[in-house]
Structures are given as C-alpha cells and as structure tokens.
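K.L.:
For reference, the structure I am asking about is given below.
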Amino acid sequence: MSLVKFDVDGQLGYLTVDNPPLNLMSQGVIDEFEEAVNQAGSADIRALLIQAEGPHFMGGADVHVFQGRSAAQARAMFARSLAALARLEEFPFPTVAAVQGLCLAAGLELALGADILVAAESARFAQVERHIGTTTLLGGVQRLAERAGAARAKQIIFDGDQYSAQRFADWNIVNHVVPDDELRPFAERLARHYAAGPTRAFAAGKALVRGYLDGGIRNADRAILESATPLLESADMRLGVATLLELGGRNFLGKAQFTGR
C-alpha cells in the first residue's frame, strides 16, 4: 500500500498521505512524499489539494527516524525533505491543504507548505518538538513567523501546546475554518476554483509574495518586471480584458473561461 500517493482528476492534483492510524511521518512517508511532490511538479495540473486519510492529518514524525542518527545522517535526511517542501512551495499553481484532527509537528510543517490552509473546526495544531528536546526540523517555526509574526512563532514552539483551528485562524496561520463534515467538499471546491483560474497570473502573484518575503518591497517591485509584465501577452489576460470590455464591469465577473495559458 502506498503511504503517499499522487492522483489527478482533470486539472486538479491530489497529494494524499495514508499511514494509519496517525499518518506519522515515517521514513517511508518521507521517501514517498518526495516522489509524490516530484510527480505533482511534472503533471499537467493547475492546482494541488494536499490531504490525509483517516481522522487525523498527521500526528507528527515517527520518532524512530531520529533514534540512533548522527548529526551528519540527520543533515542528509532533512536536506532532502526540506528540498521537497521547497519544491512544493514553489509550484507555479495554487496549493491547498485540508486539515482534520491532529496536525502536529511535521504535520503542521507539511500543512504550512501549502498556499492556503483549510481546517476543520475540531482540528488541533501544535509544534510539539520541545517535548523530545528538539526544534522544528522541517521549517515550521520560520513559516509560522511568516504567517503570524516572530513573537507568536516563538510562543508556539516554546510552549508546545495544542491550539484550535479558530485560534490559528485568528493568528493568520489558517485561512478557512469549516464544519468538520464540510472539510473535504469545501477544500476541493476551493482547489477546483483555483484550478479554473488564470494559472500564470497566480504563479506571478506567488513569485511576488516570495520576492517580498525574501527581499522586501523593493525586491518584489523589481520582480514585477520579470514575473508580471509577461502576463500582458498571456491568453488568459487578453481574454479577461476582452471580456471586461465586451460585457462591462458589472457583468463580466466569472464569465472569462481561463485556460491557464
């Protein structure tokens, strides 16, 4: 049985973790996650939904992956995993994570790799690494700092406490909180909505946000010249402009059928 699988339905890709009962990040999950990310990056898709089977998104790492490892071995292992997460973040299309149940440690770090995080009302989030004497090894604290600020990120890793989906939404970590039975339908509708959008424009927008996060406003402003100006020659922008001119501002919304080109 695959622990992590990648599937495609139309223009939407699905990356699914299935390692019951807690979907722990075992060595097998690490290896298959890297392969699934590579498959998603090579697929002809326009959005990706990240999800997990069972009652919990991910209960953290299987601590057997840490037992007896040297610092050099850990460095090699996490270098691969960090590269896979970076590739996920850099996909030129929107990514959505659907989170239910426990989302702890490595599970939260995986969810934070998505552009948009959707959580069930009963979901619980935490970076619990302090309890085994380590810190976030897959980039969790810095990604929390991007979303919630440095002080809040430090609180989350220092306390090691569990937080509700609504609390994480209040802290700008989670984008949407939905009733438990609406999680999958809502997240899939959202991902399909993005998949039907102007994919090149979304990619440019992601690049500008990354430019800002990495180098500030001026860096992002310079990135407009590389990432955004080519959109004027894209089929989607030309269609969008033509549709606006034809139908007018009150009638054109949702009428352009974007192709991602």
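K.L.:
Applying the Karplus parametrisation 6.51 cos²θ - 1.76 cosθ + 1.60 with θ = phi - 60° to the phi angles of the range 138-155, what ³J(HN,Hα) value in whole Hz is obtained for each residue in order, glycine and proline being reported as x?
P.N.:
10, x, x, 5, 6, 6, 5, 5, 4, 8, 10, x, 5, 5, 5, 4, 5, 4
K.L.:
Right, next: What does the charge add up to near residue 152, with Lys and Arg as +1, Asp and Glu as -1, over the other residues with Cβ less than 14 Å from its Cβ?
P.N.:
That sum, taken over residues with Cβ under 14 Å, equals 0.
K.L.:
Now a separate question. (i) 15.2; (ii) 16.7; (iii) 14.4: which one is mean projected area of the Cα convex hull in nm² as calculated from this entry?
P.N.:
Evaluating mean projected area of the Cα convex hull in nm² on these atoms matches (i).
K.L.:
Let me ask you something else. Pop out the ³J(HN,Hα) list for the range 27-37 in order, Karplus 6.51 cos²θ - 1.76 cosθ + 1.60 with θ = phi - 60°, rounded to Hz; leave Gly and Pro as x.
P.N.:
My calculation for the range 27-37 gives 4, x, 5, 4, 5, 6, 4, 4, 5, 5, 5 Hz in order.
K.L.:
To continue, here is another question. Report the extension gain between residue 9 and residue 225 in nm, rounded to one decimal, defined as 0.36 nm multiplied by the number of residues separating them, less their alpha carbon distance.
P.N.:
The residue 9-residue 225 span can extend by a further 74.4 nm.
K.L.:
Can you tell me, using C-alpha contacts under 8 Å and at least 6 residues apart, the relative contact order of the range 122-235 as a whole percent?
P.N.:
20
K.L.:
In addition: Of all DSSP beta bridges in the chain, what percent run antiparallel (nearest 5)?
P.N.:
30
K.L.:
Moving on to the next point. At residue 26 and residue 252, where each label point lies 7 Å from the Cα along Cα→Cβ, what is the point-to-point distance in nanometres?
P.N.:
Simple spin-label model gives 5.4 nm for this pair.
K.L.:
Just the Cα atoms of the range 151-248, one point each, no solvent: what log10 I(q)/I(0) does Debye give at q = 0.11, 0.14, 0.23 Å⁻¹?
P.N.:
Per q value, in the given order, log10 I(q)/I(0) is -0.58, -0.85, -1.11.
K.L.:
At what distance in nm do the modelled label points of residue 135 and residue 76 sit from each other, each positioned 7 Å from its Cα along Cα→Cβ?
P.N.:
For the pair residue 135/residue 76, the computed spacing is 2.4 nm.
K.L.:
What ranking do 47-53, 251-257 get when scored by the average of other Cβ atoms within 10 Å per residue, highest first?
P.N.:
So the order, starting with the most tightly packed, is 47-53, 251-257.
K.L.:
Next up: Mind checking the angle between helix 235-247 and the chain's longest principal axis? C-alpha axes, 0 to 90 degrees, to the nearest 10.
P.N.:
50
K.L.:
Got a sec to turn the phi values of the range 253-261 into Karplus ³J(HN,Hα) couplings, 6.51 cos²θ - 1.76 cosθ + 1.60 with θ = phi - 60°, whole Hz, x for Gly and Pro?
P.N.:
Couplings: 4, x, 8, 6, 9, 6, 10, x, 10 Hz.
K.L.:
Which length gain, in nm to one decimal place, applies between residue 245 and residue 39 when the Cα-Cα distance is subtracted from 0.36 nm times their residue separation?
P.N.:
Full extension from residue 245 to residue 39 adds 70.2 nm.
K.L.:
While we're here: Using a 1.4 Å probe on the protein chains only, how many percent of the accessible area of the chain belongs to carbon and sulfur?
P.N.:
Result for the chain: 54 percent of the exposed heavy-atom area is carbon or sulfur.
K.L.:
Summing -39500 (n - 2.57) over the DSSP H runs of n ≥ 4 in the chain and dividing by its residue number, what mean residue ellipticity at 222 nm do you reach, to the nearest 500 deg cm²/dmol?
P.N.:
After summing the helix terms and dividing by the residues of the chain, the value is -15000 deg cm²/dmol.
The values are calculated or read from the model by the stated rules, or taken from the named source; none is laboratory data. This one's a predicted model, so the numbers in the text were calculated from it and none came from an experiment. We place every Cβ from the backbone using ideal geometry, glycine too, and count neighbours over all the protein chains shown. All accessible areas refer to the heavy atoms of the entire protein, side chains included, with ligands and DNA or RNA removed. Shrake-Rupley method; radii C 1.70, N 1.55, O 1.52, S 1.80 Å.
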